[in-house]
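J.: Would you mind keeping the following structure in view while I ask a few things?
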Amino acid sequence: MNIIVVGLSHKTAPVEIREKVAFPPTEMEAPLMKMLALPAISEGMIVSTCNRVELYAVSRQPEAAILELKSFLADFHALPEAVLNEHLYDRSGDDAIHHVLRVASSLDSMVIGEPQILGQIKTAYGYACEFKTTGTILNRFMHKAFSVAKRIRTETAIASSAVSVSFAAVELARKIFDSLENKTVMLVGAGEMCELAAKHFVNQGVSKVLVTNRTFSRAEKLAAEFNGTAVNFDNFREQLHRVDILLSSTGAPDYILSAGKLKEVCKMRRFKPMFLIDIAVPRDIDPAANKLDCVYLYDVDDLQGVVQANLKERHKEAEKAELIIKGEVAQFRNWLDTLQIKPTIVALRRQMEQIRQVEMERTLANLNHLNDKERKAIEAMSAAIVNKILHQPTQKLKQVNQNDDGTLYLDAVRTLFDLPAQDVTHSDATDSE
Amino acid sequence: MGSLSLLFAVTTLSYLAASLLYLVGMIGRRPQLPQAGRWVLLIGIISQASCFAVRHSSAGGTPVTSLHESLAFFAWCLILLFLLLDLRFKLSVMGAFAAPMALLLMIGSALCPDVVVQLSPVLKSWLFPVHITFAFLGNAAFALSFGAGVMYLIQNRMLKSKRFTGIYQLLPSLDSLDKVNYTCLSVGFPLMTLGIISGAFWANIAWGTYWSWDPKETWALLTWFLYAALLHGRLTIGWRGRKAAIFSIIAFMFLLFTFLGVNLLLGGYHTFESFAVI
């Protein structure tokens, strides 16, 4: 049995193509059913996000399955196959396992470590479950993918730092202030980035928001949005001593806050730290203010710098994640290998034979008065019992193995008799989400 | 002496294990490791306390008379205070400072000759253990405030220069570090004050004078003034942050000299040899 992936992503296809092959979430039944009806496919699911469309399938004939999936994708969206094929990639076997684990762990995302993709795959799996297009292998595989993603999230710092300017500001504030709960934020001027950052601050528990603007009505409007207070622009400097975090983005050509003024403010605040974020270009706050002990001043370039550094950090962490994935691929491959009929029957027979021999030895050790002939008779009887018991299940296994749900029985046998996989540790039973 | 050296080894190994747990936990970002480090440190101070108890009964007096014993006692005080601080602030990063420092003190202690000094009869008084306990706990609190001060400066430097290295993610906020610095200071100062006062009373019993300007006394008083100034600055003028951190680092340098430098360089009756029966 093989895992198959056919799909395209932001790395291989422009948005014009991606939007054409996307599957609307409200109409998943038809494509899923069509996909499952393909002759070479025994299980399948569809992941469709704005950055990728991928078909995950299970098949005994990977080459045929890939071709079928490709034409399915083209036919379903009424696109010429030749055009679509340029953007499609396909994986099978270990490569496919590796690919899906990377996608679920957000290593293949546009912004590495972004958290949405895992939820999107979970949703896609939810649809597949709803329409019963997955089976033993995809079920196990998806749970593996979810647990690997979770593991990578906790064991590496891949998603721990902010990669947007507004979030970077919140993160910095957390490194200055103990908690944001009793802090006051002031917005000077209006600007999308400032408002976004202010929203993040409010979400993080900032209690008081002051808004000032040259046009007082705009200040009032924005203040209402944040449940804050509007402050007259002419005397906003008088309020500064109450402000812990200041977001500034006015269109003023010169500095609206001088280092000297901030020095006074610091004194009034008894040198409690102040975090100033100056997103305006040209800048609003005299950069010399950063030299004051209690002022932490960041302009837009500084914040960009933080974001860049965080991205670099994520890429470093991604290397750790790749190692984790490598190990997990091998582990899943081992489990998949156990789902073959011959080794399973051999393992089952070996296990029974071992039990028989142990019990024989134990019994015969206490029956010293038996002669050779009698011993042989008992031995033959025990062997016959084992054979008789195993005959029916073996036949049944061979029979159902012709069908798609054969793997279900193989897995059940492995689990019920706790059969070890050859040369590998069989430790997959624990990885439930 | 078998049980003594065994307990000493258990203590040192606990501090070593805890240091590794805290450092690896911090650098490898495994928060569960410092959690374990806490319990390992607890084992360490319990085994060290038993070590003191054994020594106490065999020496017939407070076992803090040689450098070997002093360094070990310092380590014990440091870890005890750290664990109490950790209960309050949950700043496991401080453990990455306290545990290795305790380990160094234990190694230093092991390198010093382990002699059991018999106190001369004049010095035998209940004030002796009181004096050294206050003094050492005070020192340990100041050591922790020093650690918090160093971390503050590192974190502050990164926030100011806007160049962030790996440590940045690991250090807590400036506010928390400042709070730890202040808490340690406000705990350490009264302890040190009590240490000096109890020492003066003890001196009066032993030698009939409260204060004799022995080098240790002079330096201790100087250090005490420094810490008093820092506390005063924090409470009334609003010193905090970087200034307070630098000050607590400088004051700790004086404290170190008072603790070690005076004994090793200047002499006086606080030296360990002078405790002995002559």
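J.: Charges only on Cβ, +1 for Lys and Arg, -1 for Asp and Glu: so what's the dipole of the protein assembly as shown about the Cα centre, in debye to the nearest 20?
T.: 1420
J.: Which peptide among A:161-171, A:379-389 comes first, and what is the full order, when sorted by highest mean count of other Cβ atoms within 10 Å?
T.: Top of the packing list down: A:161-171, A:379-389.
J.: How big is D for segment B:1-116, in µm² s⁻¹ as a whole number, if Stokes-Einstein is applied with the Kirkwood radius of its Cα pairs at 4 °C and 1.567 mPa s?
T.: My calculation gives 92 µm²/s for D.
J.: Moving on. Using the charge dipole of segment B:1-116 (Lys, Arg: +1 at Cβ; Asp, Glu: -1 at Cβ; taken about the Cα centre), state which of B:Leu105, B:Leu42, B:Gln32 has its Cα farthest towards the positive end.
T.: My answer, from the dipole projection, is B:Gln32.
J.: Further question: Got a number for carbon plus sulfur as a percent of segment A:165-307's accessible area, 1.4 Å probe?
T.: 48
J.: Would you work out what percent of the accessible area of segment A:339-422, with all protein chains in place, is carbon or sulfur (probe 1.4 Å)?
T.: 57
J.: Could you work out the longest stretch of chain B that avoids the trypsin sites (Lys or Arg not before Pro) located in DSSP loops with at most 16 other Cβ atoms within 10 Å?
T.: Maximal segment without exposed cleavage sites: B:164-278.
J.: A follow-up question, please. Just how large is the dipole of segment B:157-256 about the Cα centre, in debye to the nearest 20, putting +1 at every Lys and Arg Cβ and -1 at every Asp and Glu Cβ?
T.: Computed about the Cα centre, the dipole is about 700 debye.
J.: Sticking with this one: Can you give the calculated 222 nm mean residue ellipticity of chain A, where each DSSP H run of n ≥ 4 adds -39,500 (n - 2.57) and the sum is split over every residue, rounded to the nearest 500 deg cm²/dmol?
T.: Per the formula, -17500 deg cm²/dmol.
J.: Could you pull out every one of the aspartates and glutamates with an alpha carbon less than 18 Å from that of A:Lys398, ignoring same-chain neighbours closer than 8 positions?
T.: A:Asp337, A:Asp411
J.: Further question: Along each principal axis of its Cα atoms, how long is segment A:165-307 end to end? Whole angstroms, biggest number first, please.
T.: So the three principal-axis extents are 35, 29, 29 Å.
J.: Quick one: putting +1 on the C-beta of Lys and Arg, -1 on the C-beta of Asp and Glu, what dipole do you get for chain B around its Cα centre, in Debye to the nearest 20?
T.: 1220
J.: Still on this model: Please report how far the C-alpha centroid of segment A:123-167 lies from that of segment A:217-269, rounded to the nearest whole angstrom.
T.: Here the two parts' Cα centres lie 44 Å apart.
J.: Another question, if that's okay. Points 7 angstrom from Cα along the Cβ direction at A:Ser147 and B:Met158: gap in nanometres?
T.: Spacing of the two 7 Å Cα→Cβ label points: 3.4 nm.
J.: If you take the charge dipole of chain A about its Cα centre, with +1 on Lys and Arg Cβ and -1 on Asp and Glu Cβ, which of A:Leu370, A:Thr229, A:Ile385 is farthest toward its positive end?
T.: Toward the positive end, the furthest listed residue is A:Leu370.
J.: While we're looking at this one, here's another question. Compute the accessible area per residue over segment A:321-380, keeping the other protein chains in place, probe 1.4 Å, unit Å².
T.: Value returned for segment A:321-380: 64 Å² of accessible area per residue.
J.: Compute the acute angle (0 to 90°) between the alpha-carbon long axis of helix A:300-338 and the principal axis of greatest extent of the alpha-carbon atoms of chain A; round to the nearest 10°.
T.: 10
J.: With runs of 4+ DSSP H residues as the only contributors, calculate the mean residue ellipticity of chain B at 222 nm using -39,500 (n - 2.57) per run, divided by the residue total and rounded to the nearest 500.
T.: Result for chain B, helices only: -25500 deg cm²/dmol.
J.: Within 10 Å of each Cβ of A:2-15, how many other protein chain Cβ atoms are there on average?
T.: Per-residue shielding by partner chains comes out at 0.
J.: Could you state, as a whole-number percent, how many of the C-alpha pairs of chain A are farther apart than 38 Å?
T.: 48
J.: OK, next. Note down the net charge around B:Leu83, summing +1 for each Lys or Arg and -1 for each Asp or Glu among other residues with Cβ under 14 Å from its Cβ.
T.: Spelling it out: positives minus negatives among the neighbours equals +2.
J.: May I pose another question? Against the longest alpha carbon principal axis of chain B, how many degrees, from 0 to 90 and to the nearest 10, is the axis of helix B:32-59 turned?
T.: 0
J.: In nm, to one decimal, how far is the A:Arg356 label point from the A:Ala330 one, both placed 7 Å along Cα→Cβ?
T.: Reported label-point gap for A:Arg356 and A:Ala330 is 3.6 nm.
J.: Which of A:Lys175/B:Lys162; A:Lys150/A:Lys183; A:Lys122/A:Lys312; A:Lys20/A:Lys70; A:Lys376/A:Lys396; A:Lys183/A:Lys316 have a Cα-Cα distance over 23 Å?
T.: A:Lys150/A:Lys183; A:Lys122/A:Lys312; A:Lys376/A:Lys396; A:Lys183/A:Lys316
J.: In segment B:151-194, which residues become less accessible by 30 Å² or more once every protein chain is in place, relative to the chain on its own, using a 1.4 Å probe?
T.: Those are B:Leu159, B:Lys160, B:Lys162, B:Phe164, B:Tyr168, B:Gln169, B:Ser173, B:Leu174, B:Asp175, which lose 30 Å² or more relative to the chain on its own.
J.: While we're on this one: On a 0 to 90 degree scale, rounded to 10, what angle separates helix A:192-203 from the longest Cα axis of chain A?
T.: Taking Cα atoms only, the helix is inclined about 70 degrees.
J.: Can you give me the distance in nm between label points at A:Lys122 and B:Ile246, each placed 7 Å from the Cα along the Cα-to-Cβ direction?
T.: For A:Lys122 paired with B:Ile246, the spin-label model returns 5.0 nm.
J.: Could you calculate the FRET efficiency of B:Ile43 with A:Ile389 from 1/(1 + (r/R0)^6), where r is the beta carbon distance between them and R0 is 51 Å, rounded to 0.05?
T.: It comes out at approximately 0.40.
J.: Of chain B, which part is the longest with no chymotrypsin sites (Phe, Trp or Tyr not before Pro) in a loop (DSSP not H, G, I, E, B) and with at most 15 other C-beta atoms within 10 angstrom?
T.: B:1-125
J.: Can you spot the aspartates and glutamates whose alpha carbon is less than 20 Å from B:Lys243's alpha carbon? Ignore those fewer than 8 places along the same chain.
T.: Cα-Cα hits under 20 Å: A:Asp178, A:Asp244, A:Glu264, A:Asp293, B:Asp175, B:Asp178.
J.: Rg and Dmax of chain B, using alpha carbons, in Å: what are they?
T.: 19.2, 61
J.: Using only Cα atoms, locate the centre of segment A:315-381 and the centre of segment A:42-85, then give the distance between them in Å, rounded to an integer.
T.: If you average the Cα positions of each part, the centres end up 39 Å apart.
J.: Full-extension gain between A:Asn368 and A:Arg270, please, as 0.36 nm times their residue separation minus the C-alpha to C-alpha distance.
T.: Contour length minus Cα-Cα distance gives 25.6 nm.
J.: Still on this structure, I have one more. Can you give the Rg/Rh ratio of segment B:128-252, where Rg is from the C-alpha atoms and Rh is the Kirkwood radius?
T.: For segment B:128-252, the value is 1.10.
The values are calculated or read from the model by the stated rules, or taken from the named source; none is laboratory data. Note that the structure is predicted; figures quoted are calculated from it, not measured. All Cβ positions, glycine included, derive from the backbone under ideal geometry; neighbour counts span all protein chains shown. All accessible areas refer to the heavy atoms of the entire protein, side chains included, with ligands and DNA or RNA removed. Shrake-Rupley method; radii C 1.70, N 1.55, O 1.52, S 1.80 Å.
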